[in-house]
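The values are calculated or read from the model by the stated rules, or taken from the named source; none is laboratory data. Just so we're clear, the structure is a prediction, and the values are computed from it rather than from any experiment. Quick reminder, even Gly has a Cβ in these numbers, built from the backbone with ideal geometry, and neighbours come from all protein chains shown.
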Amino acid sequence: MESLQNILKDKGYVTKVTTVVPSTALGSSYPPSSGEFTQEASSVMPDILKFLASTLSPLMINVYPYFAYKSDPAHVPLDYAQFTSDKPVVRDGNLLYFCLFDAIVDAFLAAMAKAGNGHVRVVVSESGWPSDENGNFTTPELAMTYNHK
C-alpha cells in the first residue's frame, strides 16, 4: 500500500490508497464491544491501520448480516438481520442494537481500537442480501427488504 501510494504521489496523482476487509477478518464480534480481529488478521491490521491513519484514508469493510443469519437462524432474528426490528435485540453496555449491520460495523471499530488505531474512518464497501440459491434464506422478497432499508 505504501509503495502504491508513493508511486501515485511521484506521478502527481492525488488519490488515497486503501484496502477492503471482509467480516471474516473478525474473530470475535459479539457483543460488538468485544470485536477483535482473527489471529491471522491481527498480524497485519496494525500496520494497515497505521498506514491508513497516516494518509487519512478510510478502511473499507464488507458487511453482510445475511451470513450471520444463515449460520445461526435460531439465535440471529431475521428482523435484526434485515433492518426491520422495532425493538433492540442486543444490549452492549449502554448501547442498544436494532440491526446487525450496525453491530458488525461497531465490532470492526472495537477491533480496530484493539489493534492500535480506532481513529481511522470506516466505509462500508459492500453489503447486500442474496435473492436465490439457499431456500427460504434467500428469496427475492428478503433481498428487496434488505436492499431497500
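Summary table
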quantity: Scope segment 42-67; condition of a type in the set (A, V, I, L, M) and without any contact (Cβ under 8 Å) to a residue 40 or more places away in the chain; matching residues; calculated: V44
quantity: All strands (runs of 3 or more DSSP E) inside segment 40-149 with 1 or more residues being under 14 Å from V21 (Cα atoms) and acidic (D, E); calculated: 122-126
quantity: Subset of segment 15-30 [part of a loop (DSSP other than H, G, I, E, B) and farther than 18 Å from V123 by Cβ]; calculated: S29, Y30
quantity: One residue from P32, P22 being buried (at least 16 other Cβ atoms within 10 Å of the Cβ) and touching a residue at least 40 places away in the same chain (Cβ under 8 Å); calculated: P32
quantity: Identity of the residue in segment 112-138, at pLDDT below 85 and under 22 Å from E40 (Cα atoms), that ends up surrounded by the fewest Cβ atoms within 10 Å (Cβ to Cβ); calculated: G118
quantity: Residue in segment 47-103 that is nearest to A115 (Cα to Cα), counting only those that are surrounded by fewer than 19 Cβ atoms within 10 Å (Cβ to Cβ) and of a type in the set (S, T, N, Q); calculated: S54
quantity: Segment 1-16, subset touching a helix residue (DSSP H, G or I) at 6+ places or on another chain (Cβ under 9 Å) and of a type in the set (A, V, I, L, M), residue nearest to P58 (Cα to Cα); calculated: M1
quantity: V63 modelled with pLDDT of 95 or more and touching a helix residue (DSSP H, G or I) at 6+ places or on another chain (Cβ under 8 Å); calculated: yes
quantity: Flag for S3 being in a helix (DSSP H, G or I) and within 16 Å of the chain's Cα centre (by Cα); calculated: no
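Here's the yes/no breakdown for (1) among the hydrophobic types (A, V, I, L, M, F, W, C); (2) within 30 Å of S131 (Cβ to Cβ); (3) in contact with a Ser or Thr (Cβ under 7 Å, 6 or more places away or on another chain):
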| position | (1), (2), (3) |
| --- | --- |
| P22 | no, yes, no |
| E36 | no, no, yes |
| Y64 | no, yes, yes |
| N117 | no, no, no |
